[in-house]
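Here the structure is laid out as structure tokens; the discussion comes afterwards.
The values are calculated or read from the model by the stated rules, or taken from the named source; none is laboratory data. None of the values given here were measured: they were computed from a predicted structure. Glycine also receives a Cβ, built like all others from the backbone with ideal geometry; neighbour counts cover every protein chain displayed. Ligands, DNA and RNA are excluded from the accessible area calculation, which covers all protein heavy atoms including side chains. Shrake-Rupley method; radii C 1.70, N 1.55, O 1.52, S 1.80 Å.
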Amino acid sequence: MARSRLLGLLSVLALGSWVGCSSSGSSPDAGTGLSLSPDAVRLADQATFGPTVALVQDIQQKGAAPWLDAQLQLLPSDLGTYPVIVDNVNTVCPMGSPPACARDNFTPFPTQTAFFRNAIGGPDQLRQRVAFALSQILVVSGTEVRPNYAVAEYQKVLLRDAFASFRQVLQDVTLSPAMGRYLNMVNNDKPNPALGTNPNENYARELMQLFSIGLVQLNADGSVVVDGGGVPVPTYGQDVVKAMARVFTGWTYPTQPGVAARGHNPEYYIGPMIPVAANHDTGSKQILGGTVLAAGQSADTDLQQALDALFAHPNVGPFIGKQLIQHLVTANPSPAYVARVSATFADDGHGARGNLGAVVRAILLDPEARGDSKTDPGYGRVKDPVLLLTGLARALGVSTDGVYFASTSGALEQSVYQAPSVFSFYPPDYPLPGGGGLLSPASAVLDSASVFTRANAVWKLLYAPPGPDSTVAGATGTQTSLGDLASLGGDAETLARSADALFLHGTMPGAMRSAIADAVNARDPSDVGGRVRAVAYLVLTSPGYQVER
Amino acid sequence: MRLSRRELLSGLSLLGLSPLLLRNGAARAAGSSYQALVCLFLFGGNDGNNLVVPVDARYDDYLAARGDPANGGLGLPLTQLLPLNPATGTATFGLHPSMPELVPLWESGALAVLFNVGTLVAPTDKADDAAGRVPRPMSLMSHQDQQNQWQTSLPDQQSRTGWGGRIADGLGTSSLPPLVSVAGNALFAVGATSHPLAVPAVGGSTFGLTGLDSSAPGQALRAAMDAIRTLDLDNVLVQSVAGNAVAAFTASGALSPVLAGTGSTVDALFAGQTSGLARQLNQVARIIEARHLLGATEQIFFVSLGGFDTHNDQMNRQQALLAQLSQGLSAFHQATVQLGVDANVTTFTLSDFGRTLKPASGGGSDHAWGNHQLVVGGAVRGRTTYGTFPTLALGGPDDFTSEGRWIPTTSTDQYVATLARWFGVSAADLATVVPNLGRFPTADLGFLG
């Protein structure tokens, strides 16, 4: 479908869903509470780090497609600039250094706090949300890449490329020194018979398996291609892994200004890795689909041709597109939805393949994403823990330096930019517990222990937001004003309906509203703040709020 | 001849089950009413080639392939290996030098080593594999898939249940589910009908609500929370989240004081250990200590240690991890001895896969297949090894590539069946727990008595 026709169709759909909302009905009102377009709230759930009344009003006024187009134009929020250090804690933090020295230089903590400040307050919500998804698909983790500035440099690449061509993403990720360090492409040398070593297979394998095409051939709708016996057809074999390992030989860290260049440069994470001809395996290589890279090519030519071959593979659209759907909209998209997104990946309407901005737009404007309510019982996705924290913060007027959020995301099994492995925080095939065959990736980090860690984090933010951490320079702590809910008065029913509109886009059952009203009415009518907190606590800890749907 | 999958299944199912049928439920230790399995997953693929190393004539083959550590190779010096002395005779294998705590366990007979075990669709060898007569496990050498297959023991299909969960399906629930993970959710623990409980490690989060007080408004809040969990269940995902919350709240009352370590006598055994694994095993020990209070008679635990994907700098990284493993296992075994249940608790390792014998650029090793595993406990017929040690030759009879990736000679099915049988799984249930077991000639590897 041509992009213009798709747009036209969807804007009609969007208009239709919001016809019932008068422009003034969305203001906080002490009489009736918040009235918000459910579909606009849903779009905010899918495309941002959480709805605010102002954001939802903005979406309502612009319409979904124009709002997305405006978001696609916004430049990245700044993740910060951090000291360039050598990866030696004893040099950087000698005896007598404050304890915070190691935390601030050898963990991603400073970048994590910036992530949360931006996610909660930055204007480029869609870019950040997509970059957050990409950071979980193309993983570099601070568990192994220790210098904070290295993690920050990598995440800036993902923020910059969030709406770029996926070919550009592959290029920038492959040559990122942080990725080079994480998956051992940096200083990966051609075979050394004297030492008995082979080229390192790590980056070659995970680039194909996780970052681009996956293990098995896919149809455009994401379904698996099987052979005559019903067995999935692999995309490549070990021979291709070995050949690709040889492709990615002969790269080292960028040369740090003022430091002499060497065959194996010392660690330095600003700018792309650079080729070292002497360490590149120049033999011919048979890679994906029988493509042969000729003997005698440079490290860069081999790399470009290999990335071209990967990018052209028909799997990339459904493989990456489906994962983005799962990160933004629903864990179990219909094959038709995946196929529509794959088609946009293949051609953005202007002949370009891999246009991520167009792909994101297609994902969020798809009929399977839009609408006031979804009645398919398997629809939606369990929220990332990060989205629970930012959703609360954005809707309830939290101002923060990000310190509490950075540490709490770890306690909630999603320490941003610090995944336990290249497989990120949760596997894409984790079965929904008791879910009759549905997948629920994020359910892997929602276990019985996290029931309490999540509820207790909500409590902390509502009832006892932490003050400034004296070990953090310039710390301001966290304050919770309760945002738009604070100006609605203390009427239980009004508060419950408003929380329903803002947090659950109108899906709250009547019995839940009654239960909330009972709890609110156990508090003194004059304790308006206590009443608002009670409503927020009950809604944010409810099973319904843990699912974006 | 190339067998179809159907032919393979029907042919192999005729083999191997009979010894098992005779031993149905035989294994409960005398006079005891408690039995526990502790699954310890080494995430990333532990390099078994340096876990246990031959110290006899085969050491030269090992060193030749691994390379001299002085030149950046992965070979461990012979003099540093810790001899695993058998009851009689001289040692033919040595343990990684960072694991001295395991030597006394070995010598007391509480530790056994299982050689070259791995995911297998059916028995195979180099010739069968090369000729494609036996299908390989799906997505061999992929972390995610091989982690899953070790946890499901179903390498020829995508399974939504793990073998621990399938055992738990056959157990009753007392005040808490029979399967408790101290390492979050894992496919191992997911059953068809049973769901695991996940609890924090020692020093971790609180397994209960903080903040809510006993005032009337506080209690009203709690009552509303309880009510809300039973509402809004039209969506299956919401339903699943609610079910998880119900299980957590149901268990928290009895478990909270146990998990807080109130009155525990086992904590001292873990003193000084700060690793995540030690804190997890300490928590398992506390729960076992409170088994009577909790009404637990049959339990399966899941703990893990990550970081074994040593593509580079392996000598330093694996040494640090194996030291944590050794100290944690030793303290935990001592705890079971102190609690008088060492014969009732068996701890065993799983891992994604083994790693190449040949080093990779950067001082590490790449993904492989068969691997060596450890089994610890008072019921272990220890101080000996089980299975067949591979020939340490690149491109040799056990290597399906040219970098030293061993074709397993024992399957996860056999390993799992041996553990499950000891745990008391009936022959009938074993067919559900280990559906492919009949394809393999021996159902009981004999390392538990």
Of all residues making up segment B:339-376, the number that are within 29 Å of B:Ala268 (Cα to Cα) and in contact with a Ser or Thr (Cβ under 7 Å, 6 or more places away or on another chain): 7
Which one is modelled with the lowest pLDDT among residues in segment A:277-328 that are more than 24 Å from A:Tyr253 (Cβ to Cβ) and hydroxyl-bearing (Ser, Thr, Tyr)? A:Thr291
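Matching residues to (1) surrounded by fewer than 24 Cβ atoms within 10 Å (Cβ to Cβ); (2) closer than 19 Å to B:Leu105 by Cα; (3) within 11 Å of chain A (Cβ to nearest Cβ):
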{"site": "B:Arg317", "(1), (2), (3)": "yes, no, yes"}
{"site": "B:Leu325", "(1), (2), (3)": "no, yes, no"}
{"site": "B:Asp352", "(1), (2), (3)": "no, no, yes"}
{"site": "B:Ala360", "(1), (2), (3)": "no, no, yes"}
{"site": "B:Gly387", "(1), (2), (3)": "yes, no, no"}
{"site": "B:Asp398", "(1), (2), (3)": "yes, no, no"}
{"site": "B:Thr410", "(1), (2), (3)": "yes, no, no"}
I'm told A:Thr476 meets every condition in (1) in a helix (DSSP H, G or I); (2) more than 12 Å from chain B (Cβ to nearest Cβ) except one. Can you identify the failing condition by its number? (1)
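One line per residue, one yes/no per condition, for (1) farther than 30 Å from B:Ala70 by Cβ; (2) surrounded by fewer than 21 Cβ atoms within 10 Å (Cβ to Cβ); (3) of a type in the set (Ser, Thr, Tyr):
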| site | (1), (2), (3) |
| --- | --- |
| B:Ser330 | yes, no, yes |
| B:Arg355 | no, no, no |
| B:Gly364 | no, no, no |
| B:Ser426 | yes, yes, yes |
Which members of segment B:106-131 meet the condition of being open to solvent by 10 Å² or more (accessible area, probe 1.4 Å) and either within 19 Å of the chain's Cα centre (by Cα) or hydroxyl-bearing (Ser, Thr, Tyr) (or both)? B:Ser108, B:Thr124
Tell me, please, whether a residue that is hydrophobic (A, V, I, L, M, F, W, C), over 23 Å from B:Pro217 (Cα atoms) and open to solvent by 50 Å² or more (accessible area, probe 1.4 Å) can be found in segment A:469-476. yes
Selection within segment A:218-234 - assigned to a loop (DSSP other than H, G, I, E, B) and more than 10 Å from chain B (Cβ to nearest Cβ): A:Asn219, A:Ala220, A:Asp221, A:Gly222, A:Ser223, A:Val225, A:Asp227, A:Gly228, A:Val233
Every residue from segment B:178-222 that is more than 7 Å from every other protein chain (Cβ to nearest Cβ), without any contact (Cβ under 8 Å) to a residue 40 or more places away in the chain, among the small types (Gly, Ala, Ser) and open to solvent by 40 Å² or more (accessible area, probe 1.4 Å): B:Ala192, B:Ser214, B:Ser215
Six or more apart or on different chains, Cβ under 9 Å: which pairs go from a residue in segment A:451-471 that's at the interface with chain B (Cβ under 8 Å from one of its Cβ atoms) to one that's outside any helix (DSSP H, G or I) and of a type in the set (Asp, Glu)? Could you list them? A:Thr453/A:Glu413
Which helices (runs of 4 or more DSSP H) sit wholly inside segment A:489-549 and have at least 3 residues that are buried (at least 24 other Cβ atoms within 10 Å of the Cβ) and more than 9 Å from chain B (Cβ to nearest Cβ)? A:492-503, A:528-540
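Here's the yes/no breakdown for (1) assigned to a helix (DSSP H, G or I); (2) at the interface with chain B (Cβ under 9 Å from one of its Cβ atoms); (3) of a type in the set (A, V, I, L, M); (4) over 26 Å from A:Leu502 (Cβ atoms):
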| site | (1), (2), (3), (4) |
| --- | --- |
| A:Leu387 | yes, no, yes, no |
| A:Leu392 | yes, no, yes, no |
| A:Thr408 | yes, no, no, no |
| A:Ser421 | no, yes, no, yes |
| A:Phe425 | no, no, no, yes |
| A:Pro428 | no, yes, no, yes |
| A:Gly435 | no, yes, no, yes |
B:Gln280 within 26 Å of the chain's Cα centre (by Cα), away from chain A (no Cβ under 14 Å) and either assigned to a helix (DSSP H, G or I) or surrounded by fewer than 20 Cβ atoms within 10 Å (Cβ to Cβ) (or both): no
Among the residues of segment A:192-217, how many are within 11 Å of chain B (Cβ to nearest Cβ), modelled with pLDDT of 95 or more and part of a loop (DSSP other than H, G, I, E, B)? 6
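This table checks each residue for (1) among the polar types (S, T, N, Q); (2) within 22 Å of A:Arg205 (Cβ to Cβ); (3) within 35 Å of the chain's Cα centre (by Cα); (4) in a loop (DSSP other than H, G, I, E, B).
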position: A:Thr249; (1), (2), (3), (4): yes, yes, yes, yes
position: A:Gln256; (1), (2), (3), (4): yes, no, yes, yes
position: A:Val259; (1), (2), (3), (4): no, no, no, yes
position: A:Arg262; (1), (2), (3), (4): no, no, no, yes
position: A:Asn265; (1), (2), (3), (4): yes, no, yes, yes
position: A:Ile270; (1), (2), (3), (4): no, no, yes, yes
position: A:Ala278; (1), (2), (3), (4): no, no, no, no
position: A:Asp281; (1), (2), (3), (4): no, yes, no, yes
One residue from B:Gly164, B:Gly67, B:Gly72 being open to solvent by 20 Å² or more (accessible area, probe 1.4 Å) and touching a residue at least 24 places away in the same chain (Cβ under 8 Å): B:Gly72
Residue count for segment B:209-226, restricted to those that are more than 38 Å from the chain's Cα centre (by Cα), outside any helix (DSSP H, G or I) and of a type in the set (S, T, N, Q): 2
Out of all the residues in segment A:344-381, which are within 14 Å of another protein chain (Cβ to nearest Cβ), in contact (Cβ under 8 Å) with a residue 12 or more places away in the chain, in contact with a helix residue (DSSP H, G or I) (Cβ under 7 Å, 6 or more places away or on another chain) and more than 16 Å from A:Ala44 (Cβ to Cβ)? A:Gly378
A:Asn265 away from chain B (no Cβ under 14 Å) and at pLDDT 95 or above: yes
Check segment A:60-80 and report whether any residue there is closer than 27 Å to A:Arg513 by Cβ and modelled with pLDDT of 95 or more. yes
Residue list for segment B:146-159, filter: facing chain A (nearest Cβ under 10 Å) and crowded, with 23+ Cβ neighbours inside 10 Å: B:Gln147, B:Asn148
Can you say whether B:Ala245 is free of Cβ contacts under 8 Å to residues at least 24 places away in the same chain, surrounded by fewer than 19 Cβ atoms within 10 Å (Cβ to Cβ) and facing chain A (nearest Cβ under 7 Å), as far as the supplied structure shows? no
Based on what the data block shows, is B:Leu293 more than 11 Å from chain A (Cβ to nearest Cβ) and either closer than 27 Å to A:Tyr537 by Cα or part of a helix (DSSP H, G or I) (or both)? yes
Given (1) at pLDDT 50 or above; (2) more than 20 Å from the chain's Cα centre (by Cα); (3) among the hydroxyl-bearing types (Ser, Thr, Tyr), index of the condition B:Ser13 fails: (1)
So which of A:Thr91, A:Thr107 ends up being in contact with a Lys or Arg (Cβ under 9 Å, 6 or more places away or on another chain), within 23 Å of B:Asn312 (Cα to Cα) and surrounded by fewer than 23 Cβ atoms within 10 Å (Cβ to Cβ)? A:Thr107
What do you reckon, is B:Ala335 within 25 Å of B:Leu350 (Cα to Cα), free of Cβ contacts under 8 Å to residues at least 60 places away in the same chain and either of a type in the set (Val, Ile, Thr) or part of a helix (DSSP H, G or I) (or both)? no
